[in-house]
Structures are given as structure tokens and as C-alpha cells.
1. Who wins for biggest fluctuation among SER47, SER160, SER151 in a Gaussian network model of the chain, springs between alpha carbons below 10 Å?
2. Can you check how the C-alpha radius of gyration of the chain compares to 2.2 N^0.38 Å, as a plain ratio?
3. With each label point set 7 Å from Cα along the Cα-Cβ vector, what nm distance links SER202 and THR134?
4. How big is the convex hull of the Cα atoms of the stretch 4-109, per residue, in Å³?
5. If you count the DSSP beta bridges with both ends in the chain, what percent of them are antiparallel, to the nearest 5?
6. What is the sum of charges, Lys and Arg at +1 and Asp and Glu at -1, for the other residues whose Cβ falls under 13 Å from the Cβ of SER202?
7. For n ≥ 4 DSSP H runs only, could you compute -39500 (n - 2.57) per run for the chain, divide by its residues and tell me the 222 nm figure to the nearest 500?
8. Specify the angular offset, from 0 to 90 degrees and rounded to the nearest 10, of the alpha carbon long axis of helix 61-73 from the longest principal axis of the alpha carbons in the chain.
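Please treat every number below as a calculation from the coordinates, not as lab data. All figures in this text were calculated on a predicted structure; none of them were measured in a lab. Because the Cβ atoms are built from the backbone with ideal geometry, glycine has one as well, and the counts that use them run over all protein chains shown.
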Amino acid sequence: MDRKISFIGVGPGDPDLLTIKALKKIESADVLFWADSLIPEKIINLSSKFSEKIKTSGLTLEKITSIMIERFNEGNTVIRLHDGDPCLYGAVKEQIEILKQKNIGIEVIPGISAFQVAAAYHQAELTIPEITQTIILTRAGGRTGMPEKESLKDLARHKSSLCLYLSARHIKSSQKTLLEFYPPETKVIVGYRVSWDDGWTSLIELKDMEKFTIKKGLFRTTIFIVSPAINEVTNRSNLYNPSYKHLFRNK
Ligand SMILES: C[S@@+](CC[C@H](N)C(=O)[O-])C[C@H]1O[C@@H](n2cnc3c(N)ncnc32)[C@H](O)[C@@H]1O
């Protein structure tokens, strides 16, 4: 059997939102690396009491990958846990490249991202016909910076559903920019540690986003979903419309 290191998305925090595949990997791992600043211990506690659990928040890329390689070469089953889905702000590519240079096989197992759970809690559909059919997942610049062609101003012009990750510290400038394009009453779902035991979500209006964020003292693990689709009277879809025939309903 081909041995591999698995990069696993564990969702936003609630262990019940793990995929079955992720759970099986966690239960059978010898060594788990986990982003301890973003993953609750509840998830790590699903692993064997004999497994080695390595927190990554205080380690460098070089340190993490060198321990991974060492443990893997000793014959252990090694997994790397990321919050949400690994493809979003997960810094996985740099790890995978180093491991591949050592001829170590990799697999990535997807997870549920924070925006999906926040939307679900509010029973929100973020793609409503003729209002918006697009979801933008982005972040405010911060220390990482944004490519010039993806400034919030350019993205906000579309007035689509827009999810802001990693942006609570930059809420003042974000709100100002968004208000140039979206009406002040546009609904915003704010989620803090969504699906953690102490997590919550709230539905507010765009004009109050900065004030609310400051009042709640939010600066970490917060998602904002700004969307003209939330609380809209729904334009019905073609999919279930009796006058619209398609492959699975042609009568
Ligand atoms: C480094 S990024 C990783 C995103 C992750 N890969 C995902 O798909 O959700 C961390 C950011 O994701 C968002 N986030 C992750 N988990 C969250 C949660 N449970 N509640 C609210 N926001 C969350 C926050 O914006 C946080 O600052």
C-alpha cells in the first residue's frame, strides 16, 4: 500500500462537522500535527490516547516539515490537520512542496469552510437568481497584502455575496470600501468561532459592521458574509419551476 501524509480539513470546529473520512484518519493516526490556534481540542481528543499530538502554532515551516519527515520515515501514520478546508488560507502548498521533494506521497481531504457553516446557521442561500449567482471568498489586505487586481474595491463592485476571512482587524477600512457599492442596509452575517462551544453568529447591517466588531472585541476567528441575497424575497429558481423542463423532469 502506498504510504502518504494526509492533509485534512477538519471544518470550523464542531467535531460533528468532520467528514467520515477525516474522522477515520484522525482515529487511526500515530502522529497528528494540528493548527492549535484554530482547531478545538475536542477534535484532537478523537485520536488515540497513544498518538503523538504536535501543536503547530509556535513552530516554523522548516520545523514542522522536518518533524513530519522524521516521523513518516520511522514508519508512523502522519496526518496534518487544518481548520475549515485546507485550500483556503491554509498555507498547505509550501508544506506539500517540501514533502514532495523528499518523495513523500500526499493526499488532501477537504473540509467544510467557515462561511458555509455561518450561512447554514442563518438558513441563507448566497446565490439567488437575479440577485447574485456569485460568492467571493476574500480577505482584507493586512500584513499578507492583496494582489492589486483583487483590492476589496474591485471585488465589491460586483455586489455579489462576499465572504471576508481574516479581516476583523481591518473592519473600519473594509466597511468604508463596501459602503461605496452596497446599500447600508445590506445584511451581514458575523460569525465568531462558529460551531465552537463558545461560538456565535449574528445578523447585522453593513452600516453597523465596524461598530459591532469593535463592541464585541472581535479580532480573531471571525467571518463576515456580506450579501444582497440574505433576507431577500426569493426569485424562484428554474430548477423546480413547473414551466422549466430539464433532463430529470421533462414532462
Ligand atoms: C487561516 S484562515 C483558515 C480558513 C479555513 N481554511 C476555512 O476554510 O475556514 C482562518 C480564518 O478563517 C475564518 N475562520 C475559521 N474558522 C472559523 C470559525 N469557526 N468561525 C469563524 N471564522 C472562522 C476566520 O476568518 C479566521 O481568521
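1. Among SER47, SER160, SER151, the largest mean-square fluctuation in the Gaussian network model of the chain belongs to SER151.
2. So the Cα radius of gyration is 1.15 times the expected 2.2 N^0.38 Å.
3. Label-label distance for SER202 and THR134, simple model: 3.0 nm.
4. Taking the convex hull of the Cα positions in the stretch 4-109, it is 87 Å³ per residue.
5. 45
6. Details: positive: LYS187, ARG193, LYS211, LYS215, LYS216; negative: GLU205, ASP208.
Spelling it out: positives minus negatives among the neighbours equals +3.
7. Details: 8 runs with 64 residues, N = 251.
So the helix-based figure for the chain works out to -7000 deg cm²/dmol.
8. Between the helix axis and the principal axis of the chain, the angle is about 50 degrees.
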